[in-house]
Amino acid sequence: MAPESLAHLLPLLEKLNDNQVGLVSDVAKQFTTPHKFTCAPFKLRNGMDLMTQEIVDDLGDIIRIHHAFSREAFSKDKFEYALERVQKLHKRDADLAPRGNKGYDILVEGERFSLKTEASQNIRLDSIHISKFMELGGGEWTTNPADLEGLRQQFIDHLNGYDHVLTLRRLKDTRDGWHSYELVAIPKALLLLAAHGALEMKTASKQNPRPGYCYIGDAGWAYTAGAKVNPKDLQFALYFDGGGERKLQIKHLKKSLGKVIATWEFQSLSV
């Protein structure tokens, strides 16, 4: 650290009580633990990479600060603010969407990003599950299978509100005291394939409205009405959840169809 940086920090530390100094010390110790951060190219329209190694390092440090005091996964709201902060730190044009915006979550260099997170205990390395991609509050939705067409159109219309989808995934790590995260870009063009997917309403369900699926299969796969669908045959599926929240989930999305653009592995003092 440059001497002038320490000179700026020391007067601030002198104003803290012992407990506050202890908290600062915990953060500083967190930065000394073993870690490995990586990034891969993801070009914006202006030719910039969304995630440089320096941006990944700074975002990783914010996640490490979180885990200095918590065992819980880094949440979506923290991810939004952290991504805005590190992009601005590196002289990027970045702004969070207005509160309540139903489309993008953040603008980076004029491009609209929808941000998601995944931290299930049952998370899979090879497939992505987004438990709440969007709300399905409007439109007709009863027990009529034809209603699924309108719900799917809500999804397609929602995609028009942004250019990219990123999901921050907390992975399982078997090493004691270690945390692992990855950032995956999901192609919007892939999600738009749902416009031609096979629809199935679960008519035997007792829920009202009835839940349903939109299946987007691999090349050569054909949907057979009434037959059990093997997730291995799918690129992904939309699940129209008719529960209390009436939300749309994305299930069984093959991670290989997206791109991992950053990873973070680090040891945490909070275990």
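The values are calculated or read from the model by the stated rules, or taken from the named source; none is laboratory data. This structure is a prediction, so every number in the text was calculated from the model and none was measured. Using ideal geometry, Cβ is built from the backbone for each residue, glycine included, and neighbour counts are taken over all protein chains shown.
Scanning the range 201-218 for residues that are within 23 Å of residue 156 (Cα to Cα) and either surrounded by fewer than 20 Cβ atoms within 10 Å (Cβ to Cβ) or touching an Asp or Glu at 6+ places or on another chain (Cβ under 9 Å) (or both) yields a count of 11.
State whether the residues of the range 84-93 include one that is under 16 Å from residue 185 (Cβ atoms) and more than 15 Å from the chain's Cα centre (by Cα). Checked the range 84-93: at least one residue is under 16 Å from residue 185 (Cβ atoms) and more than 15 Å from the chain's Cα centre (by Cα).
Looking at the structure I just gave you, is residue 199 more than 16 Å from the chain's Cα centre (by Cα) and either assigned to a loop (DSSP other than H, G, I, E, B) or modelled with pLDDT of 95 or more (or both)?
On the way: more than 16 Å from the chain's Cα centre (by Cα): yes; either assigned to a loop (DSSP other than H, G, I, E, B) or modelled with pLDDT of 95 or more (or both): yes.
Yes, satisfied.
The residues in the range 128-166 that are in contact (Cβ under 8 Å) with a residue 60 or more places away in the chain and surrounded by fewer than 13 Cβ atoms within 10 Å (Cβ to Cβ) can be counted, and the count is 2. For the condition modelled with pLDDT under 95, farther than 21 Å from residue 196 by Cα and touching a Lys or Arg at 6+ places or on another chain (Cβ under 7 Å), residue 143 qualifies. Scanning the range 140-166 for residues that are farther than 17 Å from residue 238 by Cα and in contact with a helix residue (DSSP H, G or I) (Cβ under 6 Å, 6 or more places away or on another chain) yields one hit, 140.
Within the range 41-97, take every residue that is hydroxyl-bearing (Ser, Thr, Tyr) and modelled with pLDDT of 95 or more and give me the one that is farthest from residue 116 (Cα to Cα). Full working, then the answer.
Kept after step one, since they are hydroxyl-bearing (Ser, Thr, Tyr), are these residues of the range 41-97: 52, 70, 75, 81.
Next, only the ones that are modelled with pLDDT of 95 or more stay: 52, 75, 81.
Values: 52: 20, 75: 9, 81: 13 Å.
That would be 52.
Take the conditions (1) assigned to a loop (DSSP other than H, G, I, E, B); (2) within 25 Å of the chain's Cα centre (by Cα); residue 179 misses just one of them, which is (1). Filtering the range 219-271 down to residues that are β-branched (Val, Ile, Thr) and either surrounded by fewer than 17 Cβ atoms within 10 Å (Cβ to Cβ) or in a loop (DSSP other than H, G, I, E, B) (or both), which residue is farthest from the chain's Cα centre (by Cα)? Applying the filter and picking the extreme gives 224. Selection within the range 167-185: residues that are touching a helix residue (DSSP H, G or I) at 6+ places or on another chain (Cβ under 8 Å) and of a type in the set (A, V, I, L, M, F, W, C). The member of this set that is surrounded by the fewest Cβ atoms within 10 Å (Cβ to Cβ) is 184. Within the range 186-200, the residues that satisfy the criterion of being surrounded by fewer than 21 Cβ atoms within 10 Å (Cβ to Cβ) and touching a residue at least 60 places away in the same chain (Cβ under 8 Å) are 187, 190.
Is it the case that some residue within the range 187-204 is among the acidic types (Asp, Glu) and under 18 Å from residue 136 (Cα atoms)? Lay out the reasoning, then the answer.
Within the range 187-204, the first condition is being among the acidic types (Asp, Glu), and the residues that meet it are 200.
With the extra rule that they be under 18 Å from residue 136 (Cα atoms), the set shrinks to 200.
Checked against the condition, which is being among the acidic types (Asp, Glu) and under 18 Å from residue 136 (Cα atoms), the range 187-204 yields at least one hit.
In the range 153-176, what residues are more than 30 Å from residue 222 (Cβ to Cβ), not in a loop (DSSP other than H, G, I, E, B) and not hydrophobic (A, V, I, L, M, F, W, C)? Working first, answer last.
Taking the range 153-176 and keeping what is more than 30 Å from residue 222 (Cβ to Cβ), we get 161-164, 166, 168-176.
From the residues that got through so far, the ones that are not in a loop (DSSP other than H, G, I, E, B) too are 164, 166, 168-171.
164, 169, 170 - these are the residues of the range 153-176 that are more than 30 Å from residue 222 (Cβ to Cβ), not in a loop (DSSP other than H, G, I, E, B) and not hydrophobic (A, V, I, L, M, F, W, C).
Could you list all residues from the range 24-40 that are exposed (fewer than 13 other Cβ atoms within 10 Å of the Cβ) and over 30 Å from residue 259 (Cβ atoms)? I'd like the intermediate steps shown before the answer.
The first filter runs over the range 24-40 and keeps only residues exposed (fewer than 13 other Cβ atoms within 10 Å of the Cβ), leaving 25, 28-29, 31-32, 34, 36.
Scanning the range 24-40 gives 25, 28, 29, 32.
The residues on offer are 83, 96, 44, 59, and the sole one that is surrounded by 14 or more Cβ atoms within 10 Å (Cβ to Cβ), in contact with a helix residue (DSSP H, G or I) (Cβ under 8 Å, 6 or more places away or on another chain) and touching a residue at least 60 places away in the same chain (Cβ under 8 Å) is 59.
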